[in-house]
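Asker: The following block contains the structure, expressed as structure tokens.
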Amino acid sequence: MKHATRPSRVLSLLTALALLAPPPALAAPAEDSKALAAFEAGFNEGQAEFDRGQHLEAARTWIAAAANLRETTAHRDNRTAVYEYVVDAFTRGLQGEKRPEALREAAQALDAYCEGFTRAYGTETPISPKIVAARDDFKARLAEAEAAAAAAAPQVEAPIEGPEELPPPVTDQPEPKPWKGLVAGGAVMIGLGVGAAVVAGVGGARGKSLEAQVDDPANMCVLSMPSPACQDLLDRGKAANSMTVAGAVLAPLLAGAGVALLVVGLKRRSQPKTAFAPALAPGFVGLSLRGSF
């Protein structure tokens, strides 16, 4: 197996994998054997891609292969060695790269490895200096690339608002009709006059009925010394008389005012509207009279 940078480390890694394999007498669990086989196959595939110059593809393949080994003490050295190969692949594949997307992939992958390493072994166990340095370098390059991309992005200027346009004047408004208010007011006044006449009639009828009850010998009403029952009849009779007088006074006043308003309003309604306007014609200059009904 070949590696462009460290062939001795590839051999040492494969030797370590061989030592991890259990002896024939003690078979490992099926899952562990399958994980080791998948790791070895992925490592070999990544090495082949690296040798063909497909550096970014090799880095992704090695990261996927390392995922088959859990972050434990038994696999720590193997995972560290694979991620150092990942650093070599990313370094070659992203040489001179300025796109934030490509740099972000490398920075996030190495950052995830470092976080997992610290969670598994604590801060007392140092991470490979090569991996840490590469992670920090890719993060710095990513920040520069994002800043450059933001500066190169076109700035969208807010539209300049002009003076607020006023709505056009409304020219087709209907002409006011003051005669309608007069007619309506006259109708209301006449109605009130009719109501007052009704009140006067009711009061008069009630007063006559109460007067008859006072004059009835059966009630024995003496006007100089009326009994409580007779006094009640007298009070009710006075109220009825007051109602009659008020209705009789207000009825003609209200009715008269209503009739006057109604007449004025109807008269204004029937009057034609006239207007003078200049008139021009061949051999003629004057005024024309226009009217509407």
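The values are calculated or read from the model by the stated rules, or taken from the named source; none is laboratory data. In this text the structure is predicted, and so the values were computed from the model without any measurement. When we count neighbours, we look across all protein chains shown, and the Cβ atoms used for this are built from the backbone with ideal geometry, even at glycine. Only protein heavy atoms, including side chains, enter the accessible area calculation; ligands, DNA and RNA are left aside. Shrake-Rupley method; radii C 1.70, N 1.55, O 1.52, S 1.80 Å.
Conditions (1) open to solvent by 50 Å² or more (accessible area, probe 1.4 Å); (2) modelled with pLDDT under 80, marked per residue:
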| site | (1), (2) |
| --- | --- |
| Leu233 | no, yes |
| Arg236 | yes, no |
| Gly258 | no, yes |
| Leu266 | yes, yes |
| Arg269 | yes, yes |
| Thr274 | yes, yes |
| Ala279 | no, yes |
| Gly286 | no, yes |
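Asker: The conditions are (1) at pLDDT 95 or above; (2) open to solvent by less than 20 Å² (accessible area, probe 1.4 Å), and Leu69 fails exactly one of them. Which is it?
Answerer: Among (1) at pLDDT 95 or above; (2) open to solvent by less than 20 Å² (accessible area, probe 1.4 Å), the lone unmet condition for Leu69 is (1).
Asker: Got a sec? Which of Arg9, Arg52 is modelled with pLDDT of 90 or more and of a type outside the set (Asp, Glu)?
Answerer: Arg52
Asker: Which members of segment 79-97 meet the condition of being part of a helix (DSSP H, G or I) and open to solvent by less than 10 Å² (accessible area, probe 1.4 Å)?
Answerer: Val82, Tyr85, Val86, Val87, Ala89, Phe90
Asker: Name the single residue, out of those in segment 37-54 being of a type in the set (Gly, Ala, Ser) and assigned to a helix (DSSP H, G or I), that is surrounded by the most Cβ atoms within 10 Å (Cβ to Cβ).
Answerer: Per the criteria, the residue is Gly46.
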